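K.L.:
Let me give you the structure first, and then I'll get to my questions.
The values are calculated or read from the model by the stated rules, or taken from the named source; none is laboratory data. Quick caveat, the model's predicted, so the values are computed rather than measured. Heads up, the Cβs are rebuilt from the backbone with ideal geometry, glycines too, and the neighbour counts pull from every protein chain shown.
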Amino acid sequence: MKRIIVAISLLAVISGVAFEVSSAEPNLRSKSYVRVVRDRNLLSNNETWVPFYEYVDASVFDIAVQGLSVHFSGWGRGDITSKGDGRRGGGELDYGYLKWHAKKLNFDLQAGRQFVTGGPASMRGEYVDALNIKSDLVWGLGVEALAGSPVRSAAGGRSGDIVAQGRLFRRFGKSAEAGFSYSNVRDDGERDHENVGFDLWLKPSAVVDGNFYGYYDIIGENFADLGAHINYSPSKIPWRFSAGFNYITPADLLSRTSIFFVFSDTAFSDTSFNATFLASRFITVDAGGSWYHYSNDTNAGRFGADVTMRYGRHGRNNVGIGVHRLNGLVSGITEARFYDRHKITKKLSASGDLYGYLYDRSIRGRVFSFMAVAALNLELPRGFVLTGSGDFSANPYFNADMRGLVKLTYNFGGSSGVF
Amino acid sequence: MYFKRSAIIAAVIVCLCVIADAKERVKKFSHKPHVANNVSCILCHEGISEQESLVPIKIDVECSSCHESGKVKAPKGEWAPTSALVFSHKNHLERTGGDCDTCHFGISKNKLPGHKECLACHNKDYNDLKCRKCHGDLGSMNLVPLSDYSHTTNWMARHKLIASKDRAVCAQCHEESFCSNCHNIRDDMTEPQKSPEAVERRMIHRADYRTRHAIEARTNSALCLRCHDNQSCIECHRREGVTSSAANYPHPAGWMSAGSANFHGRVARQDIALCASCHENGTATNCIVCHRSGSGLNPHPPGWSTSISRSATVCKRCH
């Protein structure tokens, strides 16, 4: 009990400090969580774990000179009760970088921890401690370059791990962009991944856009990732369509320092189609499917549909129902879901979320699992939001699993978005 | 006992908030009869042409000057709904020459201006996705894009391509931490655990993913590998006791029989990344134990080639 009081006091102090800091220029956002988890695994006995989390992210613009900004996000955990694995806490800097934007040539420089969002290096979505430069040149040409070290190494520690990537692109007005890229990843000084790639974005009309890309693996001598996505959003009919194709060689995503990549060259393709019907301003029907084909002539796939509806004054309440099916290689899963989010008052809302799963083959003697989640969300003065939730589930691993969460969200600063 | 007490305290807090909120509610006001009876806008909205914000407007006029006392309850003080919109009535009235009807043409039907009316002039801002020009503080608004910007048709698969092209478009509504909520795999909590109230969002690791992940990974391991390296599989499987030495031996019967449909070689050729999710743990745990060079069990698939040097560490493990 004493530790809970200490944790709550800490929460209050952090909230106070956060609020004080926010009165200055920075855009500061923070979330505090207290969870209560019956953390049972296959090895240990029942255990109640009560961790406390603090997530903070901030951005400060126009430091010293116009266009210079700093951005960071991170979290820390303190355990009110022991987790049982010997760790009493944890934390991580998610991202943190200094950015300089110059209007001339639309120049961007980012130095620090950041997420790789484009080019072959983005195949294995990861954070890198890197220097990233992007600039327009002349005649619609532009260049991007990134060099640094991955935050999470593939194997054997980070010393000598390097990610380097370059991209040359050309814009064609507001309707097309084409790029060529090269990336080189080294793990402990050895060639881990080496790719060349192309990407093409087309928007031939206001209602159609397409993305096409391919990343060729120089070491494996095949395409590691090849994809195309086309989106059609007509303005005169209430329909939206998208189609996609993706060809992947999974072994090429593995580290070349891993012995496993020499065992397989199986590739697979994913062909998908989705349609959305905007039945009214408040009702949306979404349906689609994906078909997986493997180069050894096996097939799998998934399909499903969701109906979402907004109701009540100004459509401020949401209700949704969905059914999805996975025809997997070793088994199949049928999922049904129902949720409702209801504004009780202007500042108080309640939500319920119910999931049910049916497994084609029994898992640990069960073919069915379900989960029910209930949450209350209360908007408090001065930008604070308090959320409380609880969930109950029964699945092949737990007969009755219960979790609780209390979250305090605070959002200060000038212009800020959903975080 | 502790949970019961906490639940009671939480229920009391919620009730107090509901009561407090209900007290703040005001009686609805209808524009319709006022417009029908040619009541001048300025009569109630005096000073609007100098107003630098959308609301509030103080109502100084006494309703009883028109209505018989006792029949109508007059709204008091700041009766209008608060809004986080960045808007200046002063600037707009200067441009319309003081004509309220330019924007408020639907007021006789109690209809306030919405996107449609604003975009009659602000179409370029809308097309350029300059949402924050009007919606200054999106974080405090419970906004869900309804049509044009709604994340429909397989958005989960498509969003990467859109975000990689122009992050500034996403930044109109989302802070960067919104991305790291899901993409930072070094986080302790998954996004469904962190945001149980965000029921309208579609998240991969929702509900009973613990049970589903084995079937999902065996069907499309590349999807897992796009975010998770195989070390994260090993760490969790070890922690949870899913190892060959435990009672939860994961392989089916016939795993070591060459003629069996469940033969491990067949599965390995199908998806080696799946094997790596447990066995990438040193030479004692992986394929080299049996498939060493000279053992007669060539691990390379037919026609396999690579430009990697044979002096590389990975080759030297066998050769």
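K.L.:
Could you please find all residues in segment B:179-206 being within 16 Å of residue A:113 (Cα to Cα), within 7 Å of chain A (Cβ to nearest Cβ) and either touching a helix residue (DSSP H, G or I) at 6+ places or on another chain (Cβ under 6 Å) or surrounded by fewer than 18 Cβ atoms within 10 Å (Cβ to Cβ) (or both)?
P.N.:
B:186
K.L.:
Checking residue B:297 against (1) touching a helix residue (DSSP H, G or I) at 6+ places or on another chain (Cβ under 6 Å); (2) surrounded by fewer than 20 Cβ atoms within 10 Å (Cβ to Cβ); (3) at pLDDT below 70, which test does it fail?
P.N.:
Of the numbered conditions (1) touching a helix residue (DSSP H, G or I) at 6+ places or on another chain (Cβ under 6 Å); (2) surrounded by fewer than 20 Cβ atoms within 10 Å (Cβ to Cβ); (3) at pLDDT below 70, the odd one out for residue B:297 is (3).
K.L.:
Is it the case, given these coordinates, that residue A:209 is over 30 Å from residue A:235 (Cα atoms) and either surrounded by 18 or more Cβ atoms within 10 Å (Cβ to Cβ) or of a type outside the set (S, T, N, Q) (or both)?
P.N.:
Working: over 30 Å from residue A:235 (Cα atoms): no; either surrounded by 18 or more Cβ atoms within 10 Å (Cβ to Cβ) or of a type outside the set (S, T, N, Q) (or both): yes.
No, not satisfied.
K.L.:
Looking only at segment A:234-245, which residues are more than 8 Å from chain B (Cβ to nearest Cβ) and surrounded by 18 or more Cβ atoms within 10 Å (Cβ to Cβ)?
P.N.:
A:243
K.L.:
Which of the residues that make up segment B:286-302 are out of contact with any Pro (no Cβ under 8 Å at 6 or more places or on another chain) and either under 13 Å from residue B:269 (Cα atoms) or in a loop (DSSP other than H, G, I, E, B) (or both)? Working first, answer last.
P.N.:
Just the residues of segment B:286-302 that are out of contact with any Pro (no Cβ under 8 Å at 6 or more places or on another chain), to begin with: B:286, B:288-290, B:292-302.
Within segment B:286-302, B:286, B:292, B:293, B:294, B:295, B:296, B:297, B:298, B:299, B:300, B:301, B:302 qualify.
K.L.:
All but one of (1) within 7 Å of chain B (Cβ to nearest Cβ); (2) assigned to a loop (DSSP other than H, G, I, E, B); (3) modelled with pLDDT under 75 hold for residue A:255; which doesn't?
P.N.:
Tallying (1) within 7 Å of chain B (Cβ to nearest Cβ); (2) assigned to a loop (DSSP other than H, G, I, E, B); (3) modelled with pLDDT under 75, residue A:255 fails exactly one: (1).
K.L.:
So how many residues does segment B:238-265 have that are in a helix (DSSP H, G or I) and modelled with pLDDT under 75? Steps first, please.
P.N.:
Kept after step one, since they are in a helix (DSSP H, G or I), are these residues of segment B:238-265: B:238-240, B:264-265.
Still in the list and also modelled with pLDDT under 75: B:238-240.
The number of residues fulfilling the criteria is 3.
K.L.:
Something else: Looking at the structure I just gave you, is residue A:225 buried (at least 16 other Cβ atoms within 10 Å of the Cβ) and either more than 29 Å from residue A:174 (Cβ to Cβ) or more than 9 Å from chain B (Cβ to nearest Cβ) (or both)? Let's see the steps before the verdict.
P.N.:
Details: buried (at least 16 other Cβ atoms within 10 Å of the Cβ): yes; either more than 29 Å from residue A:174 (Cβ to Cβ) or more than 9 Å from chain B (Cβ to nearest Cβ) (or both): no.
When the stated conditions are applied, residue A:225 does not pass them.
K.L.:
State which residue is farthest from the other protein chains (Cβ to nearest Cβ) when the search covers only segment B:266-291 and only residues that are surrounded by fewer than 17 Cβ atoms within 10 Å (Cβ to Cβ) and modelled with pLDDT under 70.
P.N.:
B:284
K.L.:
Okay, next question. Using the structure shown, decide if residue B:212 is modelled with pLDDT of 85 or more, facing another protein chain (nearest Cβ under 8 Å), in a loop (DSSP other than H, G, I, E, B) and under 30 Å from residue A:267 (Cβ atoms).
P.N.:
On the way: modelled with pLDDT of 85 or more: yes; facing another protein chain (nearest Cβ under 8 Å): yes; in a loop (DSSP other than H, G, I, E, B): no; under 30 Å from residue A:267 (Cβ atoms): yes.
Here the answer is no, as residue B:212 does not meet what is asked.
K.L.:
Considering only segment B:163-178, state which residues are at the interface with another protein chain (Cβ under 8 Å from one of its Cβ atoms) and surrounded by fewer than 21 Cβ atoms within 10 Å (Cβ to Cβ).
P.N.:
Listed by number, the residues that qualify are B:163, B:164, B:165, B:167, B:171, B:172, B:173, B:174, B:178.
K.L.:
Can you tell me which residue is modelled with the lowest pLDDT among those in segment A:288-304 that are over 22 Å from the mean Cα position of the chain (by Cα) and not aromatic (Phe, Trp, Tyr)? Don't jump to the end; show me each part of the working.
P.N.:
First, the residues of segment A:288-304 that are over 22 Å from the mean Cα position of the chain (by Cα): A:291-301.
Keeping just the survivors that are not aromatic (Phe, Trp, Tyr) gives A:293, A:295-301.
Numbers: A:293: 91, A:295: 83, A:296: 78, A:297: 82, A:298: 86, A:299: 90, A:300: 92, A:301: 93.
Filtering segment A:288-304 for residues that are over 22 Å from the mean Cα position of the chain (by Cα) and not aromatic (Phe, Trp, Tyr), the one modelled with the lowest pLDDT comes out as A:296.
K.L.:
List the number of the failed condition for residue A:160; all other conditions in (1) modelled with pLDDT under 90; (2) buried (at least 18 other Cβ atoms within 10 Å of the Cβ); (3) over 30 Å from residue A:35 (Cα atoms) hold.
P.N.:
(2)
K.L.:
Follow-up. Can you tell me which residue is nearest to the chain's Cα centre (by Cα) among those in segment A:213-222 that are within 10 Å of chain B (Cβ to nearest Cβ) and buried (at least 22 other Cβ atoms within 10 Å of the Cβ)?
P.N.:
Taking the candidates together, the pick is A:213.
K.L.:
Identify, by number, the condition in (1) touching a Leu at 6+ places or on another chain (Cβ under 8 Å); (2) surrounded by fewer than 22 Cβ atoms within 10 Å (Cβ to Cβ) that residue A:189 doesn't meet.
P.N.:
(1)
K.L.:
Taking segment B:155-178 as the region of interest, how many residues are among the polar types (S, T, N, Q) and modelled with pLDDT under 80? Walk me through it before giving the result.
P.N.:
Just the residues of segment B:155-178 that are among the polar types (S, T, N, Q), to begin with: B:164, B:172, B:177.
Now restrict to residues that are modelled with pLDDT under 80: B:172.
Going through segment B:155-178 one residue at a time, the tally reaches 1.
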